[in-house]
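Enquirer: Take this structure first; my questions come after.
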Amino acid sequence: MQSEFRMDLGSCPLNPVTVTEYMSEDHQAIDRLLAAAARAASAGDRADAEVKFAAYEERLKRHVRLEEELLFPLFAVRTGISGGPTSVLREEHEELRRVLAEAREAAASMPAFAEALTGLGRMVGEHCVREERVLFPMLDRQLLPNERAALVARLERE
Ligand SMILES: [Fe+2]
């Protein structure tokens, strides 16, 4: 029992102390919103699916904004790497915006919407894994503990 409890805490920190933890938790929250929208679409409930998709889209756009306006520029300053990983991730964000718009258009037909949401989830998942395993840990390592804490507090506020 106790080890299960520890596992829960490990996968979902109550108080994120690193950028990686904060952004990973946010990725999980975003995934849950998408799963809820996909469930409603699969059940054929268009009104519910659209409301849930709107919540998903809003949260995902906030997440992307935090990365593009705050985390990627800071990554470039601290690591001295200005192209490379962040330019690939920015291109993926562009692709993501395009697929989001396509999914919104697919909402006229529930089976097509459910399928579009599944594709979107796969794409976002692969993108997020790269951020969680590579980019955010690299950024965390460049920050002093007090800087990390201040940045996490700012992410929570924004
Ligand atoms: Fe991203």
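Enquirer: For 56, 22, give the ranking by accessible area with the largest first, probe 1.4 Å.
Expert: I get 22, 56, largest accessible area first.
Enquirer: Quick check: net charge around residue 93, other residues with Cβ under 14 Å of its Cβ, Lys/Arg +1 and Asp/Glu -1?
Expert: Net charge in that neighbourhood comes out at -3.
Enquirer: Separate question: Heavy atoms only, 1.4 Å probe, whole protein assembly: order 31, 26 by accessible area, highest first.
Expert: Of 31, 26, the descending order of accessible area is 31, 26.
Enquirer: Just check region 60-120 against the gyration tensor rule for me: Cα atoms, a ≥ b ≥ c as the square roots of the eigenvalues, rounded for a/c under 1.5, and otherwise prolate or oblate depending on whether a/b exceeds b/c.
Expert: Cα axes put region 60-120 in the prolate bin.
Enquirer: Given 0.36 nm per residue, what is the gain on full extension from residue 130 to residue 158 after removing their alpha carbon distance, in nm?
Expert: 7.8 nm
Enquirer: How far is helix 110-130 tilted, in degrees, relative to the longest principal axis of the Cα atoms in the chain, given as a value from 0 to 90 rounded to the nearest 10?
Expert: The helix 110-130 is inclined about 10 degrees to the chain.
Enquirer: Once you order the gyration tensor axes a ≥ b ≥ c over the Cα atoms, which shape class does the chain get: rounded for a/c under 1.5, otherwise prolate or oblate by comparing a/b with b/c?
Expert: Because a/c hits 1.5 or more and a/b fails to exceed b/c, the chain counts as oblate.
Enquirer: Ignoring ligands, DNA and RNA, what percent of the accessible area of region 16-157 is carbon or sulfur (1.4 Å)?
Expert: 55
Enquirer: Could you put 57, 25, 95, 67 in order of accessible surface area, largest first, with the 1.4 Å probe and the full protein assembly present?
Expert: Result, largest first: 95, 25, 57, 67.
Enquirer: If you roll a 1.4 Å probe over the heavy atoms of the protein chains, what accessible area per residue do you get for the chain, in Å²?
Expert: 56
The values are calculated or read from the model by the stated rules, or taken from the named source; none is laboratory data. Because the structure is a prediction, the values reported are computed rather than measured. Quick reminder, even Gly has a Cβ in these numbers, built from the backbone with ideal geometry, and neighbours come from all protein chains shown. Note: accessible area is taken over every heavy atom of the protein model, side chains too, but ligands, DNA and RNA are not part of it. Shrake-Rupley method; radii C 1.70, N 1.55, O 1.52, S 1.80 Å.
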